[in-house]
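Working notes, beginning with the structure itself.
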Amino acid sequence: MYTIRQPKKIIFGINSCQNFEFPENILLITSSGAKSRGWINYLGVKNFDLFDSVEPNPSIETVEHILTEFSQNFSVVVGLGGGSSLDVAKFVASKMKKPKILIPTTFGSGSEVTRISVLKVNGKKRSFHDDKLLSDISIIDPFFVRDAPMEIIKNSAIDACAQCTEAFDSKLANYYTKFLCNKAFDILENAILENNYEDLAYGALISGLGFGNSSTTLGHALSYVYSNEGISHGHALAFTTTVAHKFNNSQFYDRFKYLVKNLNFSPINLELDLNEATKLIQLDRKHLDYNPKEVSDSDIVNLLSLINSQQVF
């Protein structure tokens, strides 16, 4: 038996934000660059309060700060930005018990259509899973990718590729999620190789619906210790998902590795002792329990060693 969970309404298309009638009395949650990039003017929202200090890899303290600073009489919470802004907005809205509208400006996290929020707790990334985190309305507007820096594009693209390929192999996968994940990777792969970046929005949306109804696996479990040391999530996944796909004998291994090489990611290195890192990774049962193969401590140490010694390719 399988259960499919997704937002009540998904709106997709160029300039879809401008054609949407936003309600009044909004709490808008985003990052510091939203004003200077013209994102807020583009939405045309009126009568709103703004929190624009969401940091990369946000902490639970950010959520608590918003809940303390703002009253809870808003009609709706709007999250605008990358996965960090959306994850904070989802969590805040669920605590306020308010409807949520999520608008991604980078296309990789899939957060706009999942029941997952990733926040740092005590300095370590933690993944929260709850139906209350699903958006009421998700608006996916490829407009935002047009002026995005290449570094953001490639990190977002490989993030989405990691999600759909790991989820295809997940023990939780079913006919529905496998279809979506396979289709998403085809779209994302073509978008990357053909430099057709507006299609990243479409591919990431389908990827989010796929992995959001199954699970990412070993690659994501490995990635968080790198993120804890300040390496961006997509950058970490470029290497952790590559070695995970090889370990799992994934059908996507060669294609994924080719995309990572094509996008020219710089090597990464973990400063934390590998045995200590392994202990942290083994706690991440939300990813490891659904990996297609059982993963031992020695397996994890070997995989981290491959990444640190730059022997991924």
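When the residues of the stretch 76-92 are filtered to those that are part of a helix (DSSP H, G or I) and open to solvent by less than 10 Å² (accessible area, probe 1.4 Å), the one that is farthest from N155 (Cα to Cα) is V92. For the stretch 145-153, the criterion of being crowded, with 24+ Cβ neighbours inside 10 Å, touching a residue at least 12 places away in the same chain (Cβ under 8 Å) and on the phi < 0 side of the Ramachandran plot is satisfied by no residue at all.
Being closer than 19 Å to K246 by Cα, within 24 Å of the chain's Cα centre (by Cα) and among the acidic types (D, E) narrows it down to one of D289, D299, so name that one.
On the way: D299 fails: within 24 Å of the chain's Cα centre (by Cα).
When all the criteria are applied, what remains is D289.
Annotation: K132 fulfils all but one of (1) open to solvent by 40 Å² or more (accessible area, probe 1.4 Å); (2) modelled with pLDDT of 95 or more; (3) of a type outside the set (F, W, Y); (4) closer than 28 Å to Y253 by Cβ; the unmet one is (4).
Pairing residues of the stretch 30-43 that are over 17 Å from I66 (Cβ atoms) with residues that are surrounded by fewer than 21 Cβ atoms within 10 Å (Cβ to Cβ) and of a type outside the set (K, R), at Cβ distances under 7 Å and at least 6 apart in sequence or on separate chains, gives K35/D52; Y42/Q18; L43/F22.
The selection criterion, being in contact (Cβ under 8 Å) with a residue 60 or more places away in the chain, part of a loop (DSSP other than H, G, I, E, B) and of a type in the set (S, T, N, Q), does not hold for N73. The residue that is nearest to R5 (Cα to Cα), counting only those in the stretch 103-122 that are assigned to a strand (DSSP E or B) and open to solvent by 10 Å² or more (accessible area, probe 1.4 Å), is I116.
Among helices (runs of 4 or more DSSP H) entirely within the stretch 214-265, having at least 1 residues that are over 23 Å from T106 (Cα atoms) and open to solvent by less than 10 Å² (accessible area, probe 1.4 Å) singles out 218-227, 233-247.
Of all the residues in the stretch 1-30, those that are open to solvent by 100 Å² or more (accessible area, probe 1.4 Å) and either more than 21 Å from G212 (Cα to Cα) or of a type outside the set (K, R) (or both) number 6.
Only one of the listed residues (K100, K125, K35, K95) is more than 26 Å from Y197 (Cβ to Cβ), surrounded by fewer than 19 Cβ atoms within 10 Å (Cβ to Cβ) and of a type in the set (K, R). That residue is K95. Counted as qualifying within the stretch 1-66 are the strands (runs of 3 or more DSSP E) with 1 or more residues that are within 18 Å of S109 (Cβ to Cβ), namely 9-12, 26-29.
Here the stretch 174-200 is the region considered, the condition is being closer than 19 Å to V113 by Cβ and assigned to a loop (DSSP other than H, G, I, E, B), and the residue that is least open to solvent (accessible area, probe 1.4 Å) is N174. When the stretch 135-144 is examined, which residues are found to be open to solvent by 30 Å² or more (accessible area, probe 1.4 Å) and in a helix (DSSP H, G or I)? Hit for the stretch 135-144 is F143, nothing else. If you check F247, F256, F185 for being touching a His at 6+ places or on another chain (Cβ under 8 Å) and at pLDDT 95 or above, only one passes: F256. Whenever a residue of the stretch 185-208 is closer than 16 Å to F12 by Cβ and in contact (Cβ under 8 Å) with a residue 40 or more places away in the chain, its partners that are open to solvent by 50 Å² or more (accessible area, probe 1.4 Å) and outside any helix (DSSP H, G or I), lying with C-beta atoms within less than 7 angstrom and at least six residues away or across chains, give the pairs L205/F12.
The values are calculated or read from the model by the stated rules, or taken from the named source; none is laboratory data. Remember, it's a predicted structure, so these values are computed and weren't measured experimentally. Positions of Cβ are backbone-derived with ideal geometry, glycine not excepted, and every protein chain shown enters the neighbour counts. Heavy atoms of the whole protein, side chains included, go into the accessibility calculation; ligands, DNA and RNA do not. Shrake-Rupley method; radii C 1.70, N 1.55, O 1.52, S 1.80 Å.
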